[in-house]
Amino acid sequence: MKHDIIQSSIANNLTDFLSWEDCLYELFSPESNIKGEAFFANSVLMLNKFIGADYTFIGVFNKEDRRVEKVAFCNKFENLGNYSYNFDNAPCAEVLNNSCVLINDYVQLSYPNHTKFLELGIKAYFGVPLYNSKREVIGVLASLYISPKDTSKRIESLMYMFSSRIGSELEHVEKERELKRRNLELLVFKEELIRKNKELDQINNDLKTISINVEESNKLKTSFLANLSHEIRTPMNSIIGFTELLRSDNLSNEEKTEYLNIVYHNGNQLMRVMDALIDISKLQAQTISVDKDEILIEEMLATLQQQFQEEVASASKSIEIQVYIDEIPEEEKLVTYKEAIYKSLEHLIENAVKFTNKGTIRIGYTKLEDSFEFFVEDTGIGIEKGKEKSIFELFRQGDLNPTREFGGTGIGLAIVSKYAEMLNGQVWAESGKENGALFKMSIPRVKTQP
């Protein structure tokens, strides 16, 4: 009989040793690459098998909410759905205080408010704490039994052995989550940094553009002042010089006539410069009052033709000014701001005369359905490609050199543009013209009462 007992004890010890060996191999085998949630799910099933529990779970403590969040939960056969509960109503509260809790029976009497114990019919509870690398309790490993269970050193040892590996993996998973969170924050920060850099690049580009515009504006203003001085001093010198000559008693009638024409021509030139300065000042300040008048277009064009034909002759230029008029039964009338339309055409023709040494200048208009389209066309030097729009800007000229061949202050076409805007019309230079320049100005039609 004694021999049978010894044999049975040896057999049980051998079984325990083999179970421990199998458990250790499965838990710490270097061939096992299971990590994270799969590791936790596999661990509770493995431990449940080795200690013969009805349920086994791994829970993580959330101290702020005072809850246990189940990471893995299984019965004898399979993993079950995770859940959470308040650990104040469970033995986990004692585990949280760095204790091993072993309740062999009547666990429901000790924790009557733990609904899961009641639901599963649990009698015995074995729980051990899970630690991180700083020996801080971060969770619990617990096995539940439906039937009372004798305290077993084997169960306790296996649970502690498992807890070491599980605690390490929990910390690893948490660090991976923290790393992912930090990486996500870094990614968001990087995207924000890229956006801020783009904004700074845009601001720098805007500042660079503004700086270029300011520099160009200063250059234009400097050029304007130099040109204005030239445009005023040149005719003034001629007027003073030839007036002094006219005081002489030794001049013939022909010489007096010639000198008077020169004085008259330079006087008109000086008056146009002063008028232009006054006009641009009023237009910029918007102090011009618009009074509409009835204009006889053919009569206006004839007056302009005669005026500039005389100036061309005084300037000794070989230019013929031609007038083109739509063939209509009677003279066309236009109701608009008379001074604006007249001065606009005057500046356009003056511009054509300035840049044409010989050839023809054609002025006229075309009657469209809702507007009159005036034009001034010359056979001069033309407009540099790409500058068809910029020449209407204030102080803008093709050549900013004060010693350039052609004069001007750079405000004539800007005045025309302002007048066209005031008349609800538009002015433009035709592009793609091979020889000379062609300017057009469109003015809305207003029918007059018969």
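The values are calculated or read from the model by the stated rules, or taken from the named source; none is laboratory data. All values reported here derive from a predicted model rather than from experimental measurement. Cβ placement follows ideal geometry from the backbone for every residue including glycine, while neighbour counts extend to all protein chains displayed. Ligands, DNA and RNA are stripped out before the accessible areas are found, and what is left, the full protein with its side chains, is counted by its heavy atoms. Shrake-Rupley method; radii C 1.70, N 1.55, O 1.52, S 1.80 Å.
Summary table
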read-out	value
Hydrodynamic radius by Kirkwood, which averages 1/r over all alpha carbon pairs of segment 107-215, in angstrom	19.2
Globularity index of segment 163-223, i.e. its alpha-carbon radius of gyration over 2.2 N^0.38 Å	2.45
For segment 275-395, accessible area per residue (1.4 Å probe, heavy atoms of protein chains only), Å²	54
Computed lengthening from GLU119 to LYS49, 0.36 nm per intervening residue step minus Cα-Cα distance	23.0 nm
Qualifying trypsin sites (Lys or Arg not before Pro) for segment 276-380 [loop in DSSP, other Cβ within 10 Å: at most 16]	LYS317
Vicinal HN-Hα couplings computed from phi for segment 332-338 (Karplus, 6.51 cos²θ - 1.76 cosθ + 1.60; Hz; Gly/Pro x)	7, 10, 10, 9, 6, 6, 4
Sequence-distant residues sharing a close amide H with THR366 (under 5 Å, placed H)	GLU373, PHE374
Gained length - TYR83 relative to GLU174, 0.36 nm times residue gap less alpha-carbon distance	30.9 nm
Area projected by the alpha carbon convex hull of segment 112-165, averaged over all directions, nm²	4.5
For segment 80-122, alpha-carbon Rg and Dmax in angstrom	10.7, 27
5 Å-binned pair-distance histogram of segment 234-337 (Cα, whole percent)	2, 10, 13, 14, 16, 15, 13, 9, 6, 3, 1, 0
Rotationally averaged projected area of segment 160-311 (alpha carbon convex hull; nm²)	20.3
5 angstrom amide H check on VAL323, placed H, neighbours 5+ away	ILE363
Segments 251-262, 379-390, 34-45, 191-202 sorted - mean Cβ within 10 Å per residue, highest first	34-45, 379-390, 251-262, 191-202
Rounded, prolate or oblate (a/c below 1.5 giving rounded, otherwise prolate when a/b exceeds b/c) for segment 258-314 by Cα gyration tensor	oblate
Under-5 Å amide H pairs with GLY382, H placed in peptide plane, nonlocal only	GLY436, ALA437
